[in-house]
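Enquirer: Structure in structure tokens, see below.
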Amino acid sequence: MKQALLITAIVWMWVTGCGHFCAHAAGNVYPLVAEGEFFDIYADPRIDIESLLSRVNFDYFYQLEMIGPVKEGGQAPSPRQVLSKTLDGIYLEVCDTLGIGLYSFHGNLKIFPDQQSLSDEYRAMFQSDFTERSFYFHETNTLYVSAADLTVGIIVHEIAHVVMSHYFVVPPSAKLQEILSGYVEYHFRKQLGTL
Ligand SMILES: [Zn+2]
């Protein structure tokens, strides 16, 4: 969203050697619940991951990327494993939609139970109010979302910001990023019939 984009633009810089610490740089400390190829996922332990998965249409991304469900040792994958694979699948599909092949990316996703806890985190980080349902902050290499409000449209929109923020040496303007993220969101919502 615009506010997060402004922040992205202002603090534009590459963050290296940051690792897991960054997900805990401010506000709540949540445990690492899953590790994927592109995202380490931290979440409030109370969050129902299966419900989250259905709201981001995980089966659609599984099908597209042929990423599962793969049985390991005769066991069906856990919801946490499915979540990390789904995020990887969404990331690859967003890259494909933007025509950007950025496969070296690795960042964090931090999942809050609701908008209130997300805005508390935002306040701890930036000392200002926050009324949106998600944001991406380039300096911590972290995407922050509210589980209660998460939709496939939100996640693809924010991942588009992540991809653009990491791909371009000179970042596109906030306005251009918003247009492109909006296009990615429209594309997937149309595919999934959630417009
Ligand atoms: Zn946006």
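Enquirer: Going toward the positive end of the dipole of region 88-182, with +1 on Lys and Arg Cβ and -1 on Asp and Glu Cβ, which of Gly101, Thr131, Tyr91 do you reach last?
Expert: Selected residue: Gly101.
Enquirer: Return, for the Cα atoms of region 74-195, the radius of gyration and Dmax in Å, separated by a comma.
Expert: Rg then Dmax for region 74-195, in Å: 14.8, 49.
Enquirer: Can you sort Thr140, Thr194 from fewest to most other Cβ atoms within 10 Å of each residue's own Cβ?
Expert: Numbers: Thr140 21, Thr194 12.
Ascending number of Cβ neighbours within 10 Å: Thr194, Thr140.
Enquirer: Once you put a point 7 Å from the Cα of Asp96 and another 7 Å from the Cα of Asp59, both along the Cβ direction, what distance in nm separates them?
Expert: Placing both labels 7 Å beyond Cα along the Cβ direction yields 1.9 nm.
Enquirer: Label Val169 and Leu195 with points 7 Å out from Cα along Cα→Cβ: what is the distance between them in nm?
Expert: The two pseudo-label positions are separated by 3.8 nm.
Each value in this text was obtained by applying a stated rule to the coordinates, not by laboratory testing. Just so you know, these numbers come straight off a predicted model, no measurement behind them. So basically every Cβ, Gly included, is an ideal-geometry build from the backbone, and we count neighbours across all protein chains shown.
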